[in-house]
Structures are given as structure tokens and as C-alpha cells.
Amino acid sequence: MSVKKVQDSETILTELMIPSYANFGGKVHGGILLSLMDKVAYVTAAKHSSGYVVTVSVEGVEFLSPIEVGDLVSLKARINYVGKSSMIVGIRVEALNPKTGIIRHTNSCYFTMVAKDEHGNPTEVPGLHVSDEESLRRFAEGKALKNLAKQKNQLLKEEFHQMSIDEILATVAGERLYFNHHEK
Ligand SMILES: CC(C)(COP(=O)(O)OP(=O)(O)OC[C@H]1O[C@@H](n2cnc3c(N)ncnc32)[C@H](O)[C@@H]1OP(=O)(O)O)[C@@H](O)C(=O)NCCC(=O)NCCS
């Protein structure tokens with residue numbers, strides 16, 4: 001089985017936040033950051049798999065600390081976990097204010113990427129060679145994340161669709177929902 005080291009695909013993408021990236025409040029659009037995250041995840045997964053990859057899911061994206069125009073944003077990406085055809089890329093986003101030198105960790109998130117062959121089918125990727133405890137922990141977290149994502153999808157796509165209206169209402173009792181079955 002082919003195996004690659006974490007370091008073989010680690011990627012850092014740094015970009016200046018220019019005025020056209022700003023929203024009406026003067027902060028950087030979330031969509032700009034998502035696009036940069038997708039780009040760095042693609043590069044990292046393509047390096048590990050040596051081929052074409054697609055984005056399948058995104059976990060943990062939160063915009064809790066706004067990024068300013070003029071900041072230098074760095075996205076540090078690495079492979080945390082590999083399955084058969086899937087890879088979980090961990091991304092740490094940091095914003096540097098070049099005037100003050102202050103670096104803020106604004107977000108960490110996880111992109112699941114799947115390698116595809118020339119026919120568009122999922123294809124096996126190399127195993128992951130890790131040699132430190134931190135990488136081992138990240139791999140185990142990645143496996144747990146994959147299992148949680150499966151459970152979440154099952155809950156959302158299957159269980160709610162099989163419930164009666166009364167069963168669904170019981171799950172949202174006490175919420176600020178005003179449901180009138182007969183009103184259109
Ligand atoms: C994701 C996709 C490859 C799954 O294809 P599939 O024929 O169902 O293949 P499989 O069931 O064998 O899954 C392939 C891998 O994807 C993973 N996967 C599938 N759905 C997933 C999900 N919702 N979240 C995370 N991983 C998922 C599987 O766990 C599997 O990983 P493994 O090989 O490491 O075990 C397919 O749905 C696809 O191509 N989607 C479009 C992706 C795309 O175009 N993205 C660009 C954004 S528009």
C-alpha cells in the first residue's frame with residue numbers, strides 16, 4: 001500500500017484582504033474566506049492523492065472573529081485523516097495585522113475531500129504516515145468526525161422523514177415555532 005507523510009502535502013496559503021473583499025459592514029465577506037479554504041483544501045488533498053479531488057463536506061466553519069481589510073490571512077492546511085478515497089483536511093485560519101504585528105486565530109475547520117479517477121469514481125488514496133502524538137490524535141479525531149457526520153446525515157435524511165407530524169412536534173416542543181397545519 002502506498003503511504004505519504006503529513007509533511008508531503010502541508011500547505012500554507014497567504015492572501016491580502018483587499019477592499020473588494022469587504023461586506024457592507026467593512027469586514028471581509030465570509031464567502032471570500034470559504035473560497036480560500038476550499039482552495040487550500042483542494043491543493044492539500046491533490047498533493048496527497050496526486051490527482052483530482054472534489055469537496056464533499058465542510059465542518060466547523062464559524063465566523064466569530066471578523067477579519068479586516070488590510071489583514072494578511074494565512075490558511076494552514078494539512079491532512080488529518082484518510083479513509084479509502086476520502087481525506088479530511090484540517091485548516092487553521094490566522095489573520096495578521098501587518099501594522100501591529102498582532103496575529104489572531106480566527107477559525108479552524110475541516111474539509112472532507114474525495115479523490116476521483118478519470119471516470120469520476122472515488123479512487124483509493126495513499127495511507128497517512130504520522131510520526132508524532134499530535135498527528136495521531138488528529139487522525140483519531142478525523143475518524144470520529146467521519147462517524148459523527150454519518151450519524152448526522154442519517155438523522156437528518158432518514159429519521160425525520162419517517163416520523164409522524166406529532167412525533168416531529170414533540171422534538172420541537174418549547175421552541176419558538178408557530179405551526180398551523182390547516183393554514184396555507
Ligand atoms: C461524494 C461522492 C464522491 C460520494 O460518491 P459515492 O459514489 O456515494 O461514493 P462512496 O459512497 O463510495 O463514498 C466515497 C467516499 O466519500 C465519503 N463520503 C460520502 N458522502 C459523504 C459525506 N456526506 N460526508 C463525508 N464523507 C462522505 C465516503 O465516506 C467515502 O469515503 P471512504 O472511501 O474514505 O470510505 C459523490 O457524491 C460526489 O461526487 N459528489 C459531488 C462532489 C462535488 O462535485 N463537489 C464539488 C462541490 S460542487
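Structure notes:
- Cβ crowding within 10 Å, taken as a proxy for footprinting-reagent exposure, orders Phe111, Phe24, Phe63 from fewest neighbours to most as Phe24, Phe63, Phe111.
- Amide H to amide H, with H built 1.01 Å from N, Tyr52 comes under 5 Å of Lys116, counting only residues 5 or more places away or on other chains.
- The chain, dipole about Cα centre (Lys/Arg Cβ +1, Asp/Glu Cβ -1), debye to the nearest 20: 340
- Mean separation of Cα contacts under 8 Å, 6 or more apart, over the residue count of region 3-129: relative contact order %: 32
- Net charge in the neighbourhood of Tyr52 (other residues with Cβ under 10 Å of its Cβ; Lys, Arg +1, Asp, Glu -1) is -1.
- Mean residue ellipticity, 222 nm, helices only, the chain: the sum of -39500 (n - 2.57) across DSSP H runs of n ≥ 4, divided by residue count and rounded to 500, is -9000 deg cm²/dmol.
- Among Asp71, Asp117, sorting on how many other beta-carbon atoms sit within 10 Å of each Cβ, with the fewest leading, yields Asp117, Asp71.
- Maximal additional length on extending the Gln7-Asn121 stretch stands at 38.4 nm, based on 0.36 nm per residue less the C-alpha distance.
- Full-stretch length increase - Glu158, Glu15 - with 0.36 nm per residue and alpha-carbon distance subtracted: 47.4 nm
- For Asn80, residues with placed amide H under 5 Å, excluding near neighbours: Ile88, Val89, Gly90
- Which of Leu34, Leu148 has the fewest Cβ neighbours within 10 Å, and the rest in rising order: Leu148, Leu34
- Neighbour-limited loop hits for chymotrypsin sites (Phe, Trp or Tyr not before Pro), region 140-184 (at most 15 other Cβ within 10 Å; DSSP other than H, G, I, E, B): Tyr178, Phe179
- Summing Lys and Arg as +1 and Asp and Glu as -1 over all other residues whose Cβ lies under 10 Å from the Cβ of Ser85 gives a net charge of 0.
- Farthest positive-ward along region 84-142 dipole, Cα basis, beta-carbon charges - from Leu128, Ile103, Met87: Ile103
- Along the chain, longest interval not containing exposed GluC sites (Glu not before Pro), exposed being DSSP loop plus at most 10 other Cβ atoms within 10 Å: 1-61
- Maximal additional length on extending the Glu175-Ser50 stretch stands at 40.2 nm, based on 0.36 nm per residue less the C-alpha distance.
- Part-to-part distance (alpha-carbon centres) for region 123-184 and region 11-82, which is given in Å: 23
- The modelled label-to-label distance for the pair Glu62/Asn147, using points 7 Å beyond Cα in the direction of Cβ, is 2.3 nm.
- Applying a threshold of 23 Å to the alpha-carbon distances of Lys116/Lys150; Lys76/Lys157; Lys47/Lys76; Lys39/Lys99; Lys5/Lys84; Lys39/Lys76 flags Lys76/Lys157; Lys39/Lys99 as lying beyond it.
- ³J(HN,Hα) computed for each position of region 85-93 - Karplus, 6.51 cos²θ - 1.76 cosθ + 1.60, integer Hz, glycine/proline x: 10, 9, 9, 9, 9, x, 10, 10, 9
- Region 3-129: mean projected area of Cα convex hull, nm²: 8.1
Every number in this text was worked out from the coordinates using simple rules, so none of it is lab data. Small disclaimer: the values here were computed from a predicted structure and weren't measured. Because the Cβ atoms are built from the backbone with ideal geometry, glycine has one as well, and the counts that use them run over all protein chains shown.
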